[in-house]
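Nothing in this text is a laboratory measurement; each read-out follows from the coordinates by a stated rule. A quick note: this is a predicted structure, and the numbers were derived from the prediction, not measured. So basically every Cβ, Gly included, is an ideal-geometry build from the backbone, and we count neighbours across all protein chains shown.
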C-alpha cells in the first residue's frame, strides 16, 4: 500500500496557490510593487517609532499600501469564510505559547532575512533570485527540524 | 494614495487572502503536517503561486511599458549575505514551532482564527526587535 502524498486531496492546494500567484501578479501589473508579506511588520512601526531603522524611505514610502494589502488579505479570507468556509470559521488548536514564541522568531528572522515564505518563497523565486532559493532551503530545513523536535518533545 | 491604487492593492490582497484560505494555509496544523512530511500540499501551493508570479514578473515588463497606475516596475532587492541565511534559519525555527508565517497570520484573522492574533503580535514584536538591533549595529543597513 502506498502512502498518499496528499491525504486531504490536492486540488485545493493547487487552486489556492494559483490564486495567491494571481494576487501577487495583479499587484505587480497594476502598480509594479512586489507583494511579500513580512515587510508590513517593519513598515507599520514607522508610524509610531522614531528609530532611524524604521524611518528609512523603503518603509515610509510603502507603509500605506502594505497596510491596505494586509487588509485585503483579511477581507479575502473573510470572503472565503462566508462563501465556502465552515460556519464557525477556522480555529487552530496549536497552543498559544507556541504561536507567540514562534511568532517572535518568525518576525525577527523574516525581517533579518528580508523575506518570508511569500517574499523569498514566491516573489524571490519567481524573480530567479539565488539568495531567495538559499533562504527557502534554509527555512525549510530548520522548519522541518523544529516541527519534528516539537512533536518528539510532546508539543502540538 | 489615489482611489485607483487603493482599489488595485485591496483587490490584489483579496485574491491573495482568498487563495491562502482556499489552500488551507490559514490552519497552522496543515503547515505543520507539511513540515512533518505527512502532507505535501504546501509544495503545490508554493509551486502554483511561483508559476503564476513568474509569468507576471517576466512578461509584464516586456508587454507593458509601465504598470497601469505607477511609473515603473519594481525590482525586488536581493543580497546573499549572512543576514539572509541567518534570518531564514531563525524564521524557519519559528515557523516549525507555530506553523504560521506572516501572510497566513494576517489572513487567518479574516476567517475567525482568533488565536493567530497572538502570532501576529509575536511577529510584530520580533520585527521591532530586529529593527532595534539593526540600529545598534552600525554597519549593516540593507
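Filter the stretch A:33-51 down to the residues that are within 20 Å of the chain's Cα centre (by Cα) and facing another protein chain (nearest Cβ under 7 Å), then identify the one that is surrounded by the fewest Cβ atoms within 10 Å (Cβ to Cβ).
So the residue we want is A:45.
Please note which helices (runs of 4 or more DSSP H) are completely contained in the stretch B:26-109 and include at least 2 residues that are facing chain A (nearest Cβ under 7 Å) and within 18 Å of residue A:41 (Cα to Cα).
It comes to B:82-98.
Working carefully through the options A:60, A:20, find the one that is more than 7 Å from chain B (Cβ to nearest Cβ) and either buried (at least 23 other Cβ atoms within 10 Å of the Cβ) or touching a helix residue (DSSP H, G or I) at 6+ places or on another chain (Cβ under 8 Å) (or both).
A:60
Go through (1) surrounded by 18 or more Cβ atoms within 10 Å (Cβ to Cβ); (2) facing another protein chain (nearest Cβ under 7 Å); (3) over 25 Å from residue B:67 (Cα atoms); (4) free of Cβ contacts under 8 Å to residues at least 60 places away in the same chain one by one and return the number of the condition residue A:144 breaks.
Result: residue A:144 fails condition (1) only.
Restricting attention to the stretch A:83-91, does a residue exist that is touching a helix residue (DSSP H, G or I) at 6+ places or on another chain (Cβ under 8 Å) and assigned to a helix (DSSP H, G or I)?
no
I'm told residue A:10 meets every condition in (1) within 7 Å of another protein chain (Cβ to nearest Cβ); (2) out of contact with any helix residue (DSSP H, G or I) (no Cβ under 8 Å at 6 or more places or on another chain); (3) surrounded by fewer than 19 Cβ atoms within 10 Å (Cβ to Cβ) except one. Can you identify the failing condition by its number?
With respect to (1) within 7 Å of another protein chain (Cβ to nearest Cβ); (2) out of contact with any helix residue (DSSP H, G or I) (no Cβ under 8 Å at 6 or more places or on another chain); (3) surrounded by fewer than 19 Cβ atoms within 10 Å (Cβ to Cβ), residue A:10 is out only on (2).
Looking at residue A:94 and the list (1) surrounded by fewer than 24 Cβ atoms within 10 Å (Cβ to Cβ); (2) at the interface with chain B (Cβ under 7 Å from one of its Cβ atoms); (3) assigned to a loop (DSSP other than H, G, I, E, B), which single condition is not satisfied?
With respect to (1) surrounded by fewer than 24 Cβ atoms within 10 Å (Cβ to Cβ); (2) at the interface with chain B (Cβ under 7 Å from one of its Cβ atoms); (3) assigned to a loop (DSSP other than H, G, I, E, B), residue A:94 is out only on (1).
Which of the residues belonging to the stretch A:101-136 are closer than 25 Å to residue A:19 by Cβ and surrounded by fewer than 24 Cβ atoms within 10 Å (Cβ to Cβ)?
A:125, A:127, A:128, A:129, A:133, A:136
Hey, can you tell me all the residues within the stretch B:110-120 that are surrounded by fewer than 24 Cβ atoms within 10 Å (Cβ to Cβ), assigned to a helix (DSSP H, G or I) and either touching a residue at least 12 places away in the same chain (Cβ under 8 Å) or at the interface with chain A (Cβ under 7 Å from one of its Cβ atoms) (or both)?
B:118, B:120
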